[in-house]
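Presented below is the structure to which this report refers.
Laboratory data are not the source of any read-out in this text; all were calculated from the coordinates shown. Owing to the predicted nature of the structure, the values given are computational and were not obtained by experimental measurement. Note that each Cβ is placed from the backbone with ideal geometry, even for glycine, and that neighbours are counted across all protein chains shown.
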Ligand SMILES: Cc1ncc(C[n+]2csc(CCOP(=O)(O)OP(=O)(O)O)c2C)c(N)n1
């Protein structure tokens, strides 16, 4: 049977405080603000981290969330992966001001633009920001300036940019650069990497097998946990 993948949108694990993706672009932002507000009201010293793209930055939900997060000084870390394209629309075709960190700062929160092609720079900025948020310094915003080598999804023919542009960015592939740097430092980088790749491949195979062997959800369950009028009418 052919299954159409819903993709990363449907991963969720509340037990690990992983509240999943959202099929609505920017839909995760107000939810993240709510989680951060709950932590603050319960005096839990936690940081809620919300990832989204440059496409989401263009949505009203981002701006409403940024405003309330700053106003209420929520323990929220907003991480914008600016890969220059919202699906097929280039950032400079839909935004008059493309400096996203600067715009986030205008809400009254600390905002940094980071080289998103540099793993260590991202790690350092994320650590610093998370520590500051946890210490009560209010929301922080990171603009990770990066690029997407592949199409937005399997249904995207990727005709909105030239191959030369993609190749130019590939020269700065963050994983290749990190591995090169680690090789320069010495150590069994390639053996370690091969081991990690073997372990991950086995874990993925195991997960796929478990999912394929799991029973199909019966159609009667379709409206479980649905509280709308549609359910009451049924
Ligand atoms: C509210 C809403 N509008 C439009 C869409 C269709 N859509 C899906 S992904 C996407 C672009 C999102 O851009 P970005 O967040 O930058 O993601 P990237 O293209 O980098 O993967 C759009 C417009 C949607 N899912 N939700």
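Overview of values
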quantity	calculated
Segment 35-55: number of residues that are surrounded by 16 or more Cβ atoms within 10 Å (Cβ to Cβ), assigned to a helix (DSSP H, G or I) and more than 16 Å from the ligand (Cβ to nearest atom)	5
Sole residue being in a loop (DSSP other than H, G, I, E, B), more than 17 Å from residue 29 (Cα to Cα) and either within 15 Å of the ligand (Cβ to nearest atom) or out of contact with any helix residue (DSSP H, G or I) (no Cβ under 9 Å at 6 or more places or on another chain) (or both), chosen from 102, 154	154
Residue within segment 93-103 that is surrounded by 17 or more Cβ atoms within 10 Å (Cβ to Cβ), closer than 21 Å to residue 156 by Cα, in contact with a strand residue (DSSP E or B) (Cβ under 9 Å, 6 or more places away or on another chain) and without any contact (Cβ under 8 Å) to a residue 40 or more places away in the chain present	no
Verdict on residue 92 being in a loop (DSSP other than H, G, I, E, B) and over 19 Å from the mean Cα position of the chain (by Cα)	no
Unique match (being touching a residue at least 60 places away in the same chain (Cβ under 8 Å) and in a loop (DSSP other than H, G, I, E, B)) among 138, 187	138
Matching residues in segment 135-151 - criterion: being farther than 27 Å from residue 71 by Cβ and surrounded by fewer than 18 Cβ atoms within 10 Å (Cβ to Cβ)	148, 149, 150, 151
Qualifying position, being surrounded by 11 or more Cβ atoms within 10 Å (Cβ to Cβ), assigned to a helix (DSSP H, G or I) and free of Cβ contacts under 8 Å to residues at least 40 places away in the same chain, among 211, 207, 132, 201	132
